[in-house]
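Structure first, then comments.
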Amino acid sequence: MTTEELIALSDNNIMDTYRRFPIVLVKGSGAKVWDSDGKEYLDFVAGIAVCSLGHSHPAVVEAIKKQAEILTHVSNLYYIKPQIGLAGLLVENSFADKVFFCNSGAEANEAAIKLARKYAHENMDRKYEIITMEESFHGRTLATVTATGQEKFQKGFAPLPEGFKYVPFNDLPALESAITDKTCGIMVEPIQAEGGIRIPDDHYLQGVRKICDDMGLLLILDEIQTGMGRTGTLFAYENYGVEPDIMTLAKAMGNGFPVGAMLATDKIASAFVPGNHASTFGGNPLAMAAGLAVMDALLNDGVLENCEKLGAYFLERLDELRKDHSIIKEVRGKGLLIGMELSVEGDDIVKECMNRGVLINCTCGNILRFVPPLIITEEDIDRVVGVLDEVMGD
Ligand SMILES: *Cc1c(COP(=O)(O)O)cnc(C)c1O
């Protein structure tokens, strides 16, 4: 089948939920992917911050192959060995005491919202309201799209679940004055990713933590995009001197294999007892084997160090570019979660980069987002910066 035929068939049979670029990606290795016509691309999208170890990472491939041959799936009605292993590693390397496994980011946030409500129902006088941020992104299920502080994602889906309200990010006074006698928690991304790579001001997250402590509220950190090494530490909260009560993970957890998790302290997690929440596939042996291989690489292969070092280099190179191109308003980021705000729409630049064999993403219409695999080299960055320089005009 030709690429045109594949695209026609896709448009015919698959629901129209994505505006897709007209290429079919068929193969990947490290920071590179290839399309159905054999064209090579340097991939600075990485499945949107998912393939952090690079495509087809040998250790992850091997772990999935091996586990598939031993045991692919059993129910959570039984104990699952690789699940015990991955939970142990997550608990050992985070603030958390307990983990709940699921299959995606939205599911992890659903679990976090349910746990917060259940805990509050029993211990906080039945409070239920969760404050989230404007321009946040927490997922596409009804509860998580309601937690998402962006009207454009909610339009047409009313009635939405009750119990959410929004305040501007980086605004502690607004947050404080939004708290009511119904508020049980605050949910926030350490860095707003989909919302345009918005970095917290110094001490903002510490301020949020303090408000939670003073008012007896739960702090829920959505680390679905920032977690698993993306910002140069295993979890982004480590950069900001705060610890949450509940944290959610997904995206890079399985390097492409669908895995999500919701983590909490013992105190909060104790609100869940058998029957309160569940997932058929959550924590299944195959997903856990992938997750274990990812954690092993993150902790032992120098991935975090490379992310921090190359993130700083990339940010510096992009900022140099800003001096030569008036359409670049600002460059900002942490580790390899980097945004470039333009004074124009970013679509054409993304397309021109693609034509030249470089995949990048654009969010919010005018913010180029760079979330490459954490294993990239200076050479990869130089290539991307060179292509950007070429396509950006004056
Ligand atoms: C991607 C993302 C989600 C949603 O994850 P899905 O796996 O697409 O459901 C939620 N929160 C943040 C911060 C994300 O980046």
Name the one entry in K323, K267 that is within 30 Å of Y78 (Cβ to Cβ) and of a type in the set (K, R). K267
What about D43, is it charged (D, E, K, R), under 25 Å from the mean Cα position of the chain (by Cα), more than 16 Å from the ligand (Cβ to nearest atom) and crowded, with 17+ Cβ neighbours inside 10 Å? yes
Does the range 204-233 hold any residues that are under 22 Å from V91 (Cβ atoms), away from the ligand (no atom under 16 Å from the Cβ) and outside any helix (DSSP H, G or I), and which are they? L218, G232, T233
Check on M340, open to solvent by less than 30 Å² (accessible area, probe 1.4 Å), part of a strand (DSSP E or B) and not assigned by TED's automatic domain parsing to the domain that holds Y240: yes
Test result for A174, open to solvent by less than 30 Å² (accessible area, probe 1.4 Å), closer than 30 Å to N361 by Cβ and more than 16 Å from the ligand (Cβ to nearest atom): yes
Got a sec? Which of S94, S56, S52 is open to solvent by less than 40 Å² (accessible area, probe 1.4 Å), away from the ligand (no atom under 16 Å from the Cβ) and touching a residue at least 24 places away in the same chain (Cβ under 8 Å)? S94
Show the residue pairs meeting these rules: Cβ distance below 9 Å; 6+ apart or different chains; first residue within the range 137-161 and under 18 Å from M187 (Cα atoms); second residue away from the ligand (no atom under 16 Å from the Cβ) and open to solvent by less than 20 Å² (accessible area, probe 1.4 Å). A143/G163; T146/G163; G149/V167
When L263 is evaluated against the numbered criteria (1) away from the ligand (no atom under 14 Å from the Cβ); (2) crowded, with 18+ Cβ neighbours inside 10 Å; (3) more than 17 Å from the chain's Cα centre (by Cα), which criterion, by number, is the only one it fails? (3)
Selection status of R322, outside any helix (DSSP H, G or I) and under 21 Å from G196 (Cα atoms): no
Out of everything in the range 234-256 that is within 14 Å of the chain's Cα centre (by Cα) and assigned to a strand (DSSP E or B), what residue ends up being surrounded by the most Cβ atoms within 10 Å (Cβ to Cβ)? T248
Among the residues of the range 272-279, are any open to solvent by 10 Å² or more (accessible area, probe 1.4 Å), assigned to a loop (DSSP other than H, G, I, E, B), within 16 Å of the ligand (Cβ to nearest atom) and closer than 30 Å to L71 by Cβ? yes
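The values are calculated or read from the model by the stated rules, or taken from the named source; none is laboratory data. Treat the numbers as computed from the prediction; the structure is a model and nothing was measured. Every residue, glycine as well, gets a Cβ built from its backbone with ideal geometry; the counts of neighbours run over all protein chains shown. Areas reflect the complete protein model, heavy atoms only, side chains present, ligands, DNA and RNA absent. Shrake-Rupley method; radii C 1.70, N 1.55, O 1.52, S 1.80 Å.
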